[in-house]
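First the structure, in the form of structure tokens, and then the observations on it.
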Amino acid sequence: MHWADNFAKQVIERGSKEEYIVESGITPSGVVHIGNAREIMTQYFVYQSILKLGKKAKFLYIWDDFDRFRKVPKGVPEEFEKYLGMPLSAVPDPWGCHNSYAEHFESMIIHEMKQLSIEPVYLRAAELYQKGTFAENIKIALEKTEKIKEILNKFRKEPLAEDWLPIGAYCESCGKDFTKIKYLGGYKISYKCSCGNENEIDFREVTNVVNIKWRVDWPARWAYYGVDFESSGKDHKSQGGSWDTAVLISKEIFDYNPPVGPMYEFIHLKGQKEKMSSSKGNIATVSQLLEIYESEVVRFIYAQRLNKTIFVPFDMDVYNIYNEFDKCERIYFGLEETDDDLKRKYELVKIKDYKICPKRVSFSELVLLVQVVPPTELKNYISKMMKERGIEMDETDLELAIERSKKAECWVEKYAPENVKIQLADNKVEIIEDQREGLKEIAELLKKECSTDELQQRIFGIVKPKGKEFFQIIYQVLIGRKQGPRIAMLIDAIGREKVIERFERL
Ligand SMILES: [Zn+2]
Ligand SMILES: [Zn+2]
């Protein structure tokens, strides 16, 4: 059983409901990278699985943009220090293209998720607070401050301060949260800001001041929305971490049965041991993944086991990921020995519904082709090449191949190791006299003026009587492997001069 189905089952076993709620969220304090995206993806798959069981479900994604601006990250002008302590929704966009700092980073991942056909219901915490949405929860948290402190202190070395409260307050004058707060009972608090401003407010009426602190806000939200599923990363799942305390606070303060909430492992860039982090600069975005992976393949990467660290490759292992995806697709369409788990995995990651299995051109082959076939000829070339193999490509197949070729092109340009780039091979090839003569004959031919097409035909004339093996020899001499793109095209990509030299030297 796929893990997503397993969790969907657990969600439904919580009890009968009109609509099940899957929730996720993040503080938009910087670039949302591929590690952060694992949460969205995990939630999405479980959401899909709940729907598959014939139940109604909603996938909420909440931007924690009412959180404070804590730190100026790399890439943001230093002068933004002056906004520290303000809610992220009130900090301006450093690049001036969005309404706020928060919105800038939100819009990136919203756009990326859209490309993966993932569109949760997005909510903004700042707007929700502004509407007074959480006023009751604020009151409950304040009234039960002592109980909350008791729960949190169980896991702390240093107990929380005497005057600790489960809320923060943004000053109405300077907008920052350097405030001392007093709870006055009911819906009232007073605060005193370091800027000198002080006020007494009813937080049902003045809604841009009070926010609930993270460890309390999380369970408060579960209770408010009736959340049934929310996975979270390893960083929240340590002993006494925010998950542990959220579970207790959910039960004991908000009287809510906490959601099914598995842990997922981190995502690393292959070859890196350290966790991705914006401050270290070793992050990759979903957009970067989408440059070299098709949308469905990106989804495929995230559908892996939750308890396994995903190493996202940008190196030669890209081939393996594509091959695994293609195999999974063939299994789904019954073209390979069936495997229920893989079949289900494909069902979860597919975006389009194909009637029959698309005829795929492998990524590795496209890596070669994009280096030798001009883009305008690629479609025809692939069609012919596949026909020669007895495979008739229809328009959809060809479009898929062209889409994949664009990923291959980008990969060659940005990530491919040198040995993948088309270049003369250094290896020694054992050849017999007859083959040596054949190569010399081709070299002579290359000295004459002729088009690539003509060249192809005439080389074919030389090769045919010598047998298929000779063809392989030519490829081996040129690029160190037994096959490759059309020979004349390959020769022109390498350069005729270089090929002549190579053939005559043997
Ligand atoms: Zn912007
Ligand atoms: Zn102030």
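No lab work stands behind these numbers, since they all come straight from the coordinates. Quick caveat: nothing in here was measured; it's all calculated off a predicted structure. Neighbour counts run over all protein chains shown; Cβ positions are idealised from the backbone, glycine included.
Here is how the numbers come out for the structure above:
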{"item": "Whether the range 433-505 is rounded, prolate or oblate, judged on the alpha carbon gyration tensor where a/c under 1.5 counts as rounded", "result": "rounded"}
{"item": "Full-extension gain in nm, K428 to D315, via 0.36 nm per residue minus C-alpha separation", "result": "38.0 nm"}
{"item": "Mean projected area (nm²) of the alpha-carbon convex hull when the chain is viewed from all directions", "result": "29.8 nm²"}
{"item": "Orphan Cys of the chain, criterion: no other Cys C-beta under 4.7 Å", "result": "C97, C328, C357, C410, C450"}
{"item": "Rounded to whole Hz, the Karplus (6.51, -1.76, 1.60) HN-Hα couplings of the range 150-159, x for glycine and proline", "result": "4, 5, 5, 5, 4, 10, 10, 6, 9, x"}
{"item": "Estimated inter-spin distance, E78 and E136, nm [label 7 Å along Cα→Cβ]", "result": "4.9 nm"}
{"item": "Pairwise centroid distance, computed over Cα atoms, of the range 183-210 with the range 330-359, Å", "result": "57 Å"}
{"item": "The range 60-75-the range 377-453 distance, computed between alpha-carbon centres (Å)", "result": "49 Å"}
{"item": "Nearest-20 debye value, the range 268-349 charge dipole, Cβ charges on Lys, Arg, Asp, Glu", "result": "540 debye"}
{"item": "Proximal lysines to K52, defined as alpha-carbon separation beneath 19 angstrom and excluding residues fewer than eight positions away on the same chain", "result": "K9, K17, K343, K345, K350, K352"}
{"item": "Signed unit charges on C-beta, dipole axis of the chain, positive-most listed residue G54, A102, V312", "result": "V312"}
{"item": "Extreme residue, positive dipole direction of the chain, given options S383, C171, S16 (C-beta unit charges)", "result": "S16"}
{"item": "Mean residue ellipticity (222 nm) of the chain, computed from DSSP H runs ≥ 4 via -39,500 (n - 2.57), nearest 500", "result": "-14000 deg cm²/dmol"}
{"item": "Net lengthening on full extension, Y122/K237 (0.36 nm per residue, minus Cα-Cα)", "result": "38.9 nm"}
